[in-house]
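*Asks:* Got a structure here, written out as structure tokens. Questions coming.
The values are calculated or read from the model by the stated rules, or taken from the named source; none is laboratory data. On a predicted model such as this, the values are computed, not experimentally measured, just so you know. As a convention, Cβ positions derive from the backbone with ideal geometry for all residues, glycine included, and neighbour counts pool all protein chains shown. SASA here: full protein model, heavy atoms, side chains in, ligands and nucleic acids out. Shrake-Rupley method; radii C 1.70, N 1.55, O 1.52, S 1.80 Å.
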Amino acid sequence: MLEQRWSVAVCGAKALHKAIAVCAIAVQPRLDGHIKDNSACLIAVASDDGGIRLLDQETGVVRIGILRTSFSTSPDKSIGSLLWLSRTKLLVAAAADLYLFDLRVAFDSGSRIITSPSLRLSAIAADNIGSICRLREHQVAFCDDTGAAGILTLPDAQNDGTGVQVRWLTRSESINERAHDKIASCLVSLRGGDFLVTGGLDCNIRIWTGGRRLVKEIDAAALRAQNAGTAMVNPPYVYSLAKTADGTLLAAGLGDGGILLVPTAALDAEGTAATTDVGQSAHGMNRAQRRAMEKKAAKEERKKTVPITKSNPLEIADHWLHSIDAHGFGVTALAFATTAQGTLLISAGNDKKLRAFKVTLASDQRVLGSELIKSVELPNKTNALAVHIHEADDTCTAATLGLVDGSLVQFAL
């Protein structure tokens with residue numbers, strides 16, 4: 001458990017010997033017939049100089065590179081998030097833009113370099129996009145540094161990306177009220193896109209239906225202060241979110257070193273109903289019909305939005321929530337891993353530690369307890385973490401970490 005497999009330096013150095021940090025990782029567990037070794041897996045790694053490298057997960061050797069100049073000539077256009085949409089399609093969030101790269105271009109040509117995206121969506125957000133996730137087959141959600149979060153339907157290959165409409169998440173009927181009051185740092189979808197969870201530097205975790213209606217929220221600052229009983233040194237900013245493979249458990253990594261566990265059964269127990277999103281029934285419509293349907297659905301959703309007031313709270317009952325004092329400083333990355341030992345929660349923090357917790361659930365999915373089973377000292381702070389899923393039985397075989405010094409380290413699970 002957590003035995004190091006390999007470590008590689010994938011990034012160079014900036015002026016004055018400042019390291020180029022790894023800022024995002026995404027693992028593609030399985031590739032199709034465009035490469036010889038069908039069992040191989042690539043790790044997409046982005047660095048804060050705008051470069052993207054695709055590494056063999058077994059060896060750490062770079063197999064394909066995506067040039068920064070293929071989507072930006074600006075050195076300040078850093079990458080915020082990576083998302084595999086399919087076995088060969090990688091979605092990249094860089095600054096306020098989204099880019100889709102098709103790996104078949106490299107596989108078919110035998111080239112190790114991808115020089116241009118197959119789709120470019122410019123100025124989708126008002127500020128840097130910090131996280132992207134898949135909502136449904138053709139839909140993605142994203143959040144940015146203004147605190148906004150939105151949902152968009154990706155255009156088909158024949159569309160150049162013009163006219164793409166973003167449907168924003170708002171907490172009330174005011175269209176100017178964003179999903180979070182400060183930077184929206186992370187998000188994850190639940191139950192096939194029926195729910196979307198966002199976290200921000202306002203110390204709030206918010207749960208929305210796929211139709212953009214706010215249904216629950218968790219005030220991490222109030223909860224952690226209540227549990228600690230003393231003043232916190234660092235605020236519990238919500239830095240990271242993760243979910244189990246079956247979506248039964250949600251974890252939030254906090255700036256005070258804590259981890260908050262939330263069973264998604266709480267949504268059912270407290271009567272939260274998911275809303276069907278328009279993307280499910282818009283197949284076959286032309287653009288004008290889809291826009292009309294989306295406007296109608298958005299209007300209906302705004303009518304359903306529940307205002308956040310003391311007389312109508314959105315909080316999840318405390319007995320559903322479980323808090324772990326996991327790290328000495330902020331928890332920057334989280335992932336759940338299904339192993340022979342059961343479901344483990346893997347976490348990394350600014351205290352330069354990698355830790356594994358075993359979580360025990362009751363029959364109603366409430367968290368009975370959490371046990372630290374392994375802790376490893378790392379050479380530097382972690383910016384990103386991803387686990388590798390074995391295709392045959394969906395178990396996790398390894399965890400790869402991207403560090404602020406530009407290196408990747410892989411551990412066996």
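*Asks:* Could you sort TYR239, TYR99 by their accessible area in this structure, using a 1.4 Å probe and putting the largest first?
*Replies:* Numbers: TYR239 80, TYR99 5 Å².
Result, largest first: TYR239, TYR99.
*Asks:* Excluding SER347 itself, what net charge comes from residues whose Cβ is under 15 Å from its Cβ, given Lys and Arg +1 and Asp and Glu -1? Show your work: numbers first, answer last.
*Replies:* Details: positive: LYS243, LYS352, LYS353, ARG355, LYS358, LYS374, LYS381; negative: ASP256, ASP325, ASP351, GLU371, GLU377.
For residues surrounding SER347, the net value is +2.
*Asks:* Same structure, new question: Ordering ILE64, ILE183 by accessible area with a probe of 1.4 Å, largest first, what comes out?
*Replies:* Details: ILE64 10, ILE183 60 Å².
If we order ILE64, ILE183 from most to least accessible, we get ILE183, ILE64.
*Asks:* If you plug each phi of segment 112-127 into the Karplus form 6.51 cos²θ - 1.76 cosθ + 1.60 with θ = phi - 60°, what whole-Hz ³J(HN,Hα) values come out, in order, with x for Gly and Pro?
*Replies:* 9, 10, 9, 9, 8, x, 8, 8, 10, 10, 8, 6, 5, 10, 8, 8
*Asks:* Rounded to a whole number, what % of the accessible area of segment 349-413 do carbon and sulfur atoms account for, probe 1.4 Å?
*Replies:* Working: 1250 of 2750 Å².
After summing per-atom areas, the C and S share lands at 45 percent.
*Asks:* Tell me the label-point distance for the pair ARG112, GLN4, using the 7 Å Cα-to-Cβ offset, in nm and rounded to one decimal.
*Replies:* 2.5 nm
*Asks:* Report the full-extension gain for the segment ALA265 to ALA340: residue separation times 0.36 nm, less the Cα-Cα distance, to one decimal in nm.
*Replies:* Values: separation 75, 0.36 × 75 = 27.00 nm, distance 2.42 nm.
Using 0.36 nm per residue and subtracting the Cα-Cα distance, I get 24.6 nm.
*Asks:* Counting Lys and Arg as +1 and Asp and Glu as -1, what is the net charge of the other residues whose Cβ lies under 9 Å from the Cβ of ALA126?
*Replies:* Numbers: positive: none; negative: ASP127, ASP144, ASP145.
With Lys, Arg at +1 and Asp, Glu at -1, the neighbours total -3.
*Asks:* Here is a further query. Please arrange LYS353, LYS243 by accessible surface area, largest first, computed with a 1.4 Å probe and ligands excluded. Let's see the in-between values first.
*Replies:* Details: LYS353 50, LYS243 80 Å².
Result, largest first: LYS243, LYS353.
*Asks:* Quick check: residue separation of VAL164 and ALA225 times 0.36 nm, minus the Cα distance between them. What number comes out in nm?
*Replies:* Values: separation 61, 0.36 × 61 = 21.96 nm, distance 4.24 nm.
Stretched out fully, the VAL164 to ALA225 stretch lengthens by 17.7 nm.
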